[in-house]
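J.: Sharing a structure below in structure tokens format, with a few things to ask.
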Amino acid sequence: MTGLVIFAFFGGAYNSHAADESEGVMESLPEHLIYLYTEVPKGDGPSVGESQLVVRDRRWEPNRLLRVCTFGGNKSVVALIRKVASEWNAVSSVKLDFGPAPDGYNCLVSNAGFYQIRIGFSERGYWSVLGKDSESRLDPLVPSMNLESFNRIYSEARYPAADITTKAAPYDKAVIRHEFGHALGLLHEHQNPSLKCQDEIKWEGPGNVYDYFAGSPNFWSASQVERNLGFIQNTDPDYQAGLPDAKSVMMYSLPKEIFKNGSSSKCYVSVNYEISAKDKEIIAKIYPTVSQGQVAQYAAVDRSTVKALPLAMARSESSDIKSRILVDLESNDDYVRRDARVRLASFLQSSPEVDANSLIRAMNGASYRYKLGVAVALAKSSESFDLDSQSKKILKEQANATDDPTLEASIESALKKAGDHAGRK
Ligand SMILES: [Zn+2]
């Protein structure tokens with residue numbers, strides 16, 4: 001897969017401010033994420049859509065609010081990311097939420113719940129995972145996107161937040177648009193089979209593409225070349241291809257040297273700085289606005305794809321995760337509550353020190369959302385718990401006190417797991 005991705009317009013990752021864009025470094029995944037490439041299920045094979053190249057199974061559910069955090073981003077870089085990436089919001093029912101200005105959300109703050117898009121600045125290059133991979137394939141506290149050094153380049157001293165969008169380099173703004181395109185599920189447009197750029201590339205002979213990228217500054221292996229420029233079906237079977245769009249912000253500006261026809265190749269384009277009309281169309285199409293009733297359907301617990309929590313966690317990490325789960329259980333967002341319930345079930349299994357009894361004790365006087373969260377998590381967990389008699393009593397009381405069939409059924413099933421039944425009075 002290009003599960004994760006690999007972006008870069010030509011020209012940039014490390015020299016984004018350099019005038020000579022032909023010296024740039026291409027987007028490439030860090031080594032620790034490469035393993036994801038080998039794990040993508042083949043699915044049903046590619047299908048053809050109406051336009052462009054997008055993922056299929058890793059799209060977000062419609063109407064989702066994606067919370068975007070940074071690992072310590074300063075006010076200026078946060079303002080830049082917010083203003084530029086928000087352009088996607090205009091056309092999509094999936095909205096990016098950057099948190100309160102001017103600081104935005106900080107990924108490290110544990111009492112604010114989980115984030116769907118987590119931006120780091122300290123790894124190499126520019127990259128983002130695709131769509132829901134940030135939740136279903138990555139651990140919840142690691143970066144899902146990297147904008148190398150943006151936090152240092154766009155310091156508050158050099159770039160006041162107020163006029164950041166006019167002062168920032170056009171190329172860097174294009175990088176933000178591009179990486180958020182990946183986060184929304186867009187693939188590289190130069191790999192769109194209907195554009196047929198593979199036919200244009202010099203795969204062998206003198207000056208071939210492997211030799212070109214093997215050199216400085218990219219130092220790509222043959223497999224990196226194929227992943228980034230080759231047939232998409234070999235690297236990311238979870239794709240849907242449609243009409244080509246050489247104006248897409250997801251299209252690389254590749255060097256003319258790698259094309260058989262040099263600068264007259266149709267795949268040789270200058271940097272596309274803006275989100276194209278077709279980029280907007282495809283995002284609007286895959287993320288249509290749906291009714292609240294449909295959201296409730298999509299937000300059913302068994303449709304969650306959040307990754308199971310690690311089986312072994314340090315105490316501090318475990319405590320961080322627990323705080324976030326408890327916050328998210330109370331969220332106003334159906335999807336966030338759903339995922340928090342699933343995470344709590346996973347948490348109960350993975351952290352032996354988590355005490356189901358203490359979670360149940362806290363049900364007295366708690367919100368409906370908390371009660372339902374704990375009950376669903378207990379019911380959904382594959383462990384059976386040793387609930388003490390006080391816990392069983394509380395669960396039975398809660399079941400008797402509620403008129404809500406979902407809460408009642410979840411408590412029944414939790415009690416069954418603990419070897420007891422609620423038994424109406
Ligand atoms: Zn990319």
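The values are calculated or read from the model by the stated rules, or taken from the named source; none is laboratory data. Because the structure is predicted, anything quoted here is derived from the model rather than measured. Ideal geometry is used to build each Cβ from the backbone, glycine not excepted, and the neighbour counts take in all protein chains shown. What goes into the accessible areas is simple: the full protein's heavy atoms, side chains included, and nothing from ligands, DNA or RNA. Shrake-Rupley method; radii C 1.70, N 1.55, O 1.52, S 1.80 Å.
J.: Kindly list, by first and then second residue, each pair from a residue in region 383-405 that is closer than 12 Å to LYS416 by Cα to a residue that is assigned to a helix (DSSP H, G or I) and among the charged types (D, E, K, R), limited to pairs with Cβ atoms under 6 Å and residues at least 6 apart or on different chains.
T.: Note: pairs meeting the criteria are SER384/LYS417.
J.: Name the single residue, out of those in region 163-173 being touching a residue at least 40 places away in the same chain (Cβ under 8 Å) and open to solvent by 30 Å² or more (accessible area, probe 1.4 Å), that is farthest from the ligand (Cβ to nearest atom).
T.: So, considering only residues that are touching a residue at least 40 places away in the same chain (Cβ under 8 Å) and open to solvent by 30 Å² or more (accessible area, probe 1.4 Å), the one farthest from the ligand (Cβ to nearest atom) is THR165.
J.: Related question: Looking only at region 97-131, count every residue that is among the aliphatic types (A, V, I, L, M) and open to solvent by less than 10 Å² (accessible area, probe 1.4 Å) and tell me the total.
T.: Qualifying residue count for the region: 4.
J.: I'd like to verify a number: residues in region 63-96 that are touching an Asp or Glu at 6+ places or on another chain (Cβ under 6 Å) and open to solvent by less than 10 Å² (accessible area, probe 1.4 Å), how many?
T.: 1
J.: Determine the pairs where a residue that is touching a residue at least 40 places away in the same chain (Cβ under 8 Å), located within region 277-297, has a partner that is in a helix (DSSP H, G or I) with Cβ atoms under 6 Å apart, the partner being 6 or more residues away or on another chain.
T.: Close Cβ pairs (under 6 Å, with a partner that is in a helix (DSSP H, G or I)) amount to LYS280/VAL91; ILE283/VAL91; ALA284/VAL91; VAL295/ASP334.
J.: Which one of these is among the β-branched types (Val, Ile, Thr), within 22 Å of LEU184 (Cβ to Cβ) and within 22 Å of the chain's Cα centre (by Cα): VAL327, VAL249, VAL271?
T.: Exactly one of VAL327, VAL249, VAL271 is among the β-branched types (Val, Ile, Thr), within 22 Å of LEU184 (Cβ to Cβ) and within 22 Å of the chain's Cα centre (by Cα), namely VAL249.
J.: Could you run through region 334-363 and say how many residues are of a type in the set (Lys, Arg) and over 16 Å from PHE114 (Cα atoms)?
T.: Residues in region 334-363 being of a type in the set (Lys, Arg) and over 16 Å from PHE114 (Cα atoms): 1 in total.
J.: Still on this model: Hey, can you tell me all the residues within region 174-224 that are open to solvent by 10 Å² or more (accessible area, probe 1.4 Å) and within 19 Å of the chain's Cα centre (by Cα)?
T.: ARG177
J.: Can you find even one residue in region 178-189 that is away from the ligand (no atom under 12 Å from the Cβ) and either among the polar types (S, T, N, Q) or under 22 Å from SER76 (Cα atoms) (or both)?
T.: No - not one qualifying residue is present in region 178-189.
J.: Among what's in region 240-281 and is assigned to a loop (DSSP other than H, G, I, E, B) and charged (D, E, K, R), pick the residue that is most open to solvent (accessible area, probe 1.4 Å).
T.: Top of the filtered list is LYS247.
J.: Return the total of residues in region 340-361 being touching a residue at least 12 places away in the same chain (Cβ under 8 Å), open to solvent by 10 Å² or more (accessible area, probe 1.4 Å) and not in a helix (DSSP H, G or I).
T.: Residues that pass the stated criteria total 2.
J.: Something else about it: Would a scan of region 282-293 turn up a residue that is open to solvent by 70 Å² or more (accessible area, probe 1.4 Å), outside any helix (DSSP H, G or I) and under 30 Å from ASN208 (Cβ atoms)?
T.: No, region 282-293 has no match at all.
J.: So, in region 321-339, how many residues would count as being assigned to a helix (DSSP H, G or I) and open to solvent by 30 Å² or more (accessible area, probe 1.4 Å)?
T.: The number of residues fulfilling the criteria is 6.
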